[in-house]
Amino acid sequence: MTISKTTKIIAAGAGSMLFVQLFGLTPLQKPAERLFGAITLPAAQASTSARPKLFVPNSRRGRPAQSVGAGSRGCEHGDLVPNTVKLLIPSEEVAGQTSYGRPQFFLHLSKSVSAPLKFTLIEDGVNEPLYETQIDAPPSGIVKIEIPKDVPELATNGIYKWSVSLVCNVKRPSANPLFYSWVERVPTTPELEQAISAAQTDLDRARVYASAGLWYEALALLHEAQATHPEDPAIQADFQTLLSEVGLTEVARR
């Protein structure tokens, strides 16, 4: 896999379990099935403003999807400043959707931090995390978190909380800044599968997933494509557009 110089991959490792501050979760309404179709755009559309919306989220409503935990003042060495940690999610109001059993998760660090970064993935209603890992002193840039193949896949129609915390205080985990969001695995449809099969490139596939409201697939494909083909203007434009459409304009500009 080719990775951009600003990307860090957090891999699985034994002994990475740490205490995590968990928040309650009430049931989300399950999404109704809908038809999915590909966005068929020319490779180089003249104006971004003239283009159809790239990401078409599900219109259903749910609980807040991102928050800063009560311990947001736990870092005492200047690690945490406004927007130091930014989860790359489509909404702060509803859970992002995926059809993948092991989606990739992304966040952005506006600067390097000295505190370790902990990632936790836990299923709704389950006490034990599905997966946890930690990276020490992560540098700035986009961080990609991959779920190892030996970790069970997300259950279809299952809802999971994923969180990132800065471990500034090992003795008082509740004081550590905590950022979290939700991911919901949804089933695919024959229409979506047909559109994906017909797509010729990762860019085409990313557009199909984006038009279907499957954020995690669209972001992962565009992130990988722009890292592999940094000189391709269409890929770079779609990557920036996808982020900008959901309010991540500052990340898109970096």
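The values are calculated or read from the model by the stated rules, or taken from the named source; none is laboratory data. Treat the numbers as computed from the prediction; the structure is a model and nothing was measured. Every residue, glycine among them, receives a Cβ derived from its backbone with ideal geometry; neighbour counts consider all protein chains shown.
What the table below lists for this structure:
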quantity: Flag if residue 84 is closer than 28 Å to residue 196 by Cα, of a type outside the set (Gly, Ala, Ser), modelled with pLDDT of 85 or more and in contact with a Leu (Cβ under 7 Å, 6 or more places away or on another chain); calculated: no
quantity: Residue 156, sole failed condition from (1) surrounded by fewer than 16 Cβ atoms within 10 Å (Cβ to Cβ); (2) over 30 Å from residue 118 (Cα atoms); (3) polar (S, T, N, Q); calculated: (2)
quantity: Positions within segment 99-114 being among the hydroxyl-bearing types (Ser, Thr, Tyr) and either more than 18 Å from residue 192 (Cβ to Cβ) or assigned to a strand (DSSP E or B) (or both), in sequence order; calculated: 110, 112, 114
quantity: Top-ranked residue in segment 187-243 [being buried (at least 19 other Cβ atoms within 10 Å of the Cβ) and not in a helix (DSSP H, G or I); ranked as farthest from the chain's Cα centre (by Cα)]; calculated: 212
quantity: Flag for residue 180 being at pLDDT 95 or above, buried (at least 17 other Cβ atoms within 10 Å of the Cβ) and not acidic (Asp, Glu); calculated: no
